[in-house]
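Read through the structure below, which is laid out as structure tokens, and then see the notes.
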Ligand SMILES: Cc1ncc(COP(=O)(O)O)c(C=O)c1O
């Protein structure tokens with residue numbers, strides 16, 4: 001081993017890089033399609049983009065001053081949005097930073113973190129960085145949680161359980177009785193509601209009873225500001241205080257802070273886009289119902305997990321990519337033959353449907 005590698009903390013010597021969403025430049029290079037013609041349905045972003053009220057408000061921000069380390073304005077705005085006191089709220093650079101902060105707070109070396117696969121890959125990645133072991137419990141055939149199995153895997157080293165609801169990439173919600181069973185164990189339960197604005201279903205009401213509950217939310221998907229990186233956690237006063245203590249002082253930059261305030265001022269306009277996206281998701285689901293070789297799993301989020309019989313995930317991805325449509329492919333056995341397609345604009349759905357129709361006719365075999 002070389003001199004530098006020896007100095008690196010053991011658990012960080014070999015880390016598999018988190019495979020984030022490809023940049024437009026990469027997508028264009030791989031597919032040969034000019035960036036302006038790319039259709040990004042691979043990251044559950046908002047294809048309507050950032051609303052003009054938010055964009056215009058970014059002009060004239062004082063960029064030479066540091067943002068508020070106490071996040072007073074942004075926490076107050078979120079507090080009004082979720083109708084809970086601001087001392088229960090902390091903002092982070094995306095839900096991703098919140099996940100990282102939670103593990104920094106609770107994990108000692110060799111502790112265990114539970115996730116329920118298939119699910120959002122960041123839980124696994126962040127657990128590895130925190131030097132904990134990830135215990136992954138498979139979901140059942142309908143992608144529901146296997147609560148008995150989860151509880152049977154809890155040890156005195158288990159510190160955090162991550163559950164996404166709706167789950168990414170399967171799109172289904174967790175059930176309240178199951179979440180209560182987990183909360184009753186006393187272990188920290190992180191309920192990731194990044195897609196809440198699409199599902200309109202939340203476990204927020206459980207906060208008043210359980211101080212081991214942390215709800216994670218995001219402005220990336222519904223609000224069209226993924227590039228500015230803002231997410232937040234709502235939890236008990238004690239957890240919020242400690243998360244605030246350990247966060248980097250200026251984790252929310254001034255542009256992001258301003259954009260969130262404006263987003264919440266114009267939330268009704270954004271909800272119109274949320275509605276349009278859910279209508280397109282339903283249109284695509286309905287179309288798939290009439291297909292012979294394709295099925296989709298019921299989704300409460302702005303994406304659909306689709307299974308194509310006779311085609312690998314990679315192959316389906318390539319077929320869509322050749323038409324300029326980028327979807328999310330998977331290499332896990334559980335998601336063999338599956339891709340995830342984000343809800344798009346009506347024109348984008350038309351294009352997706354036309355590719356699906358070609359696949360149905362097996363023009364691609
Ligand atoms: C379930 C889930 N949680 C959290 C995130 C992180 O989102 P962000 O860091 O953009 O807020 C994502 C993004 O894909 C997600 O799917």
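The values are calculated or read from the model by the stated rules, or taken from the named source; none is laboratory data. Here the structure is a predicted model, which is why all the values come from computation and not from measurement. Note that we place each Cβ from the backbone using ideal geometry, even for glycine, and neighbour counts take in every protein chain shown.
Of the residues making up segment 332-364, those that are assigned to a helix (DSSP H, G or I) and in contact (Cβ under 8 Å) with a residue 40 or more places away in the chain are 334, 335, 346, 348, 349, 351, 352, 353, 356, 359, 360.
Here is a yes/no grid of residues against (1) out of contact with any helix residue (DSSP H, G or I) (no Cβ under 6 Å at 6 or more places or on another chain); (2) farther than 21 Å from residue 226 by Cα; (3) touching a residue at least 40 places away in the same chain (Cβ under 8 Å):
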position: 48; (1), (2), (3): no, no, yes
position: 54; (1), (2), (3): no, no, yes
position: 62; (1), (2), (3): yes, yes, yes
position: 65; (1), (2), (3): yes, yes, yes
position: 72; (1), (2), (3): yes, yes, no
position: 79; (1), (2), (3): no, no, no
position: 88; (1), (2), (3): no, yes, yes
position: 92; (1), (2), (3): no, no, yes
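Scanning segment 141-163 for any residue that is within 30 Å of residue 8 (Cα to Cα) and within 12 Å of the ligand (Cβ to nearest atom) turns up at least one such residue.
Results for (1) under 14 Å from the mean Cα position of the chain (by Cα); (2) in contact (Cβ under 8 Å) with a residue 40 or more places away in the chain, shown as yes or no for each residue.
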{"residue": "96", "(1), (2)": "yes, yes"}
{"residue": "106", "(1), (2)": "no, yes"}
{"residue": "112", "(1), (2)": "no, yes"}
{"residue": "121", "(1), (2)": "yes, yes"}
{"residue": "128", "(1), (2)": "no, yes"}
{"residue": "132", "(1), (2)": "no, no"}
{"residue": "136", "(1), (2)": "no, no"}
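Condition check for residue 100 on (1) away from the ligand (no atom under 16 Å from the Cβ); (2) assigned by TED's automatic domain parsing to the domain that holds residue 238: one failure, at (1). Of the residues in segment 104-133, how many are buried (at least 23 other Cβ atoms within 10 Å of the Cβ) and within 16 Å of the ligand (Cβ to nearest atom)? Qualifying residue count, segment 104-133: 7. Per the conditions (1) under 23 Å from residue 338 (Cβ atoms); (2) without any contact (Cβ under 8 Å) to a residue 12 or more places away in the chain; (3) not assigned by TED's automatic domain parsing to the domain that holds residue 352, the sole criterion not satisfied by residue 221 is (2).
Scanning segment 15-22 turns up no residue that is more than 22 Å from residue 330 (Cα to Cα), touching a helix residue (DSSP H, G or I) at 6+ places or on another chain (Cβ under 9 Å) and touching a residue at least 40 places away in the same chain (Cβ under 8 Å). A count restricted to segment 168-178 and to residues that are free of Cβ contacts under 8 Å to residues at least 60 places away in the same chain and out of contact with any helix residue (DSSP H, G or I) (no Cβ under 7 Å at 6 or more places or on another chain) stands at 4. Counting only helices (runs of 4 or more DSSP H) that fall entirely inside segment 182-301 and contain at least 1 residues that are within 14 Å of the ligand (Cβ to nearest atom) and under 21 Å from the mean Cα position of the chain (by Cα), the qualifying elements are 196-199, 254-265.
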